[in-house]
Amino acid sequence: MKVRKLKKVENIKTRKLWERIFDEDTPEFLAYYYSMKTEDNEIYAVEDGGKIRAMLHLNPYRLQIGDKTADCHYIVAVATDENYRKRGFMAALLKTAVKDMHDMGEPFTFLMPAAEAIYRPHGFRFIYNQNWEMVKGKNKRNQMWDIKKAEKADCAGMAEFANGLLKERYDIYALRDAHYYQRLLEEFGSEHGGMILVKENGTLVGMLGYACPAECEIMEPLFQKGYEEAFLYAVYKVAGDENKSVKCMAYGSEAKPMIMAKILDIPKMFECMEASEWMSLSLMVTDEPGGESLGRYLIEGRKKLTAKEMHAKLRAASIEDVEDNEEPAGVISIGTLTCIVFGYLDIEELALEECVKKELKKLKPLKKVFLNEVV
């Protein structure tokens, strides 16, 4: 069994497998995906008999991570043909893709799991709960509001508006540009949806996306504070009925664990972080699955954290190979480190020395996450 990264011209070969595994997706959506998303993504595959039997797609996003930006990949469409399951294909695909992303210096990778149990053994942990709520719109609007469906010419302005709001509110989010929203319009359009913009005196004050493959759903409403009524009127424009409830994602009070991540390049990840005060911590990190050492790092700094690998020779060694005379270090898995970095656990609950926990508590976790990308 061999994992191979497909050439761009071969990407279309995975469509039949997609259609068999993800049969809820419409032909219109797949036409969009295989004409737009495969332009710049990477697809890993396992073949047998000249046919694709398992696949994993890496879709690129430019992320804002703290005060840094980095190119990261979103793992999607992990699938194995029914007759080829239980052979380790998925594990091999993940291992190969994760190694390649690490070698490219990506701080972390992320995915939307079909089930947590599939990815947790491989070091992935939840980092983002997506809120949702059933919302009824209101057919009442301020006469100063201009409501319209977004067009391609609006995309640059939408990106500027979104980046401004997200910078104020979140630690981690996908950076937007005109191309980002052009693709999103195509994606929503493939599911009989689009985007609605709300302007006041010519200035954009809010927007939302929606898709209606069957029932309509609203995706990622972004509105300035004080424009709650404008949001409800935009919901009405989607529903067409004040008495009809619409499921609204990335909004509301109900929360569902949505996105899992795995840290890939530990020094690059810590470059994106700060501490509340000066910290200095020696930390051994082990991989999942298997428990192999990913290295021992000295994490130091305050405004500019560094994570310097202290013993490169230990990367392929087990933690038992650390010599007895070496200074003690905290030992944690890459999954636990991911939870710490993204503020998804209570450090007090960790089975670590008090001196290690004391230093870890100085980290400012990147817990305000906003990742709603679907593909």
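Here are some notes:
- Candidate set from region 336-375 (those that are among the charged types (D, E, K, R) and not in a helix (DSSP H, G or I)); member that is surrounded by the fewest Cβ atoms within 10 Å (Cβ to Cβ): Asp346
- Taking first residues from region 250-266 that are within 25 Å of Glu309 (Cβ to Cβ) and partners that are among the charged types (D, E, K, R), the Cβ contacts under 7 Å between residues at least 6 apart in sequence or on separate chains come to Ala261/Arg125; Leu264/Glu106; Asp265/Glu106.
- Any pair with Cβ under 7 angstrom, 6 or more apart, that starts in region 99-118 at a residue that is at pLDDT 95 or above and ends at one that is assigned to a helix (DSSP H, G or I) and among the aromatic types (Phe, Trp, Tyr): Leu111/Tyr119; Pro113/Tyr119
- Restricting region 279-298 to residues that are more than 25 Å from the chain's Cα centre (by Cα) and touching a residue at least 60 places away in the same chain (Cβ under 8 Å), the residue that is farthest from Met310 (Cα to Cα): Met279
- Conditions (1) more than 23 Å from Glu373 (Cα to Cα); (2) in contact with a Phe, Trp or Tyr (Cβ under 7 Å, 6 or more places away or on another chain); (3) small (Gly, Ala, Ser); number of the one not met by Gly206: (1)
- Qualifying residue in region 53-61 (condition: more than 22 Å from the chain's Cα centre (by Cα), loosely packed, with under 13 Cβ neighbours inside 10 Å and not hydroxyl-bearing (Ser, Thr, Tyr)): no
- Restricting attention to region 73-117, the residues being in contact with a Cys (Cβ under 6 Å, 6 or more places away or on another chain) and more than 21 Å from Leu371 (Cβ to Cβ) number 0.
- Residues that are modelled with pLDDT under 95 and either assigned to a strand (DSSP E or B) or in the same structural domain as Ser190 (by TED's automatic domain parsing) (or both), drawn from region 31-50: Asp48
- On inspection, Ala230 passes the criterion of being crowded, with 20+ Cβ neighbours inside 10 Å and either touching a Leu at 6+ places or on another chain (Cβ under 6 Å) or farther than 26 Å from Ala70 by Cα (or both).
- Residues in region 237-251 that are buried (at least 21 other Cβ atoms within 10 Å of the Cβ) and of a type outside the set (A, V, I, L, M, F, W, C): Tyr251 alone.
- Tally, over region 1-27, of residues that are under 24 Å from the mean Cα position of the chain (by Cα), more than 26 Å from Arg87 (Cα to Cα) and assigned to a helix (DSSP H, G or I): 1
- The set of residues from region 138-188 being in contact with a Ser or Thr (Cβ under 9 Å, 6 or more places away or on another chain) and outside any helix (DSSP H, G or I) comprises just one member, Leu175.
The values are calculated or read from the model by the stated rules, or taken from the named source; none is laboratory data. Being a predicted model, the structure only gives us computed values, none of them experimental. Because the Cβ atoms are built from the backbone with ideal geometry, glycine has one as well, and the counts that use them run over all protein chains shown.
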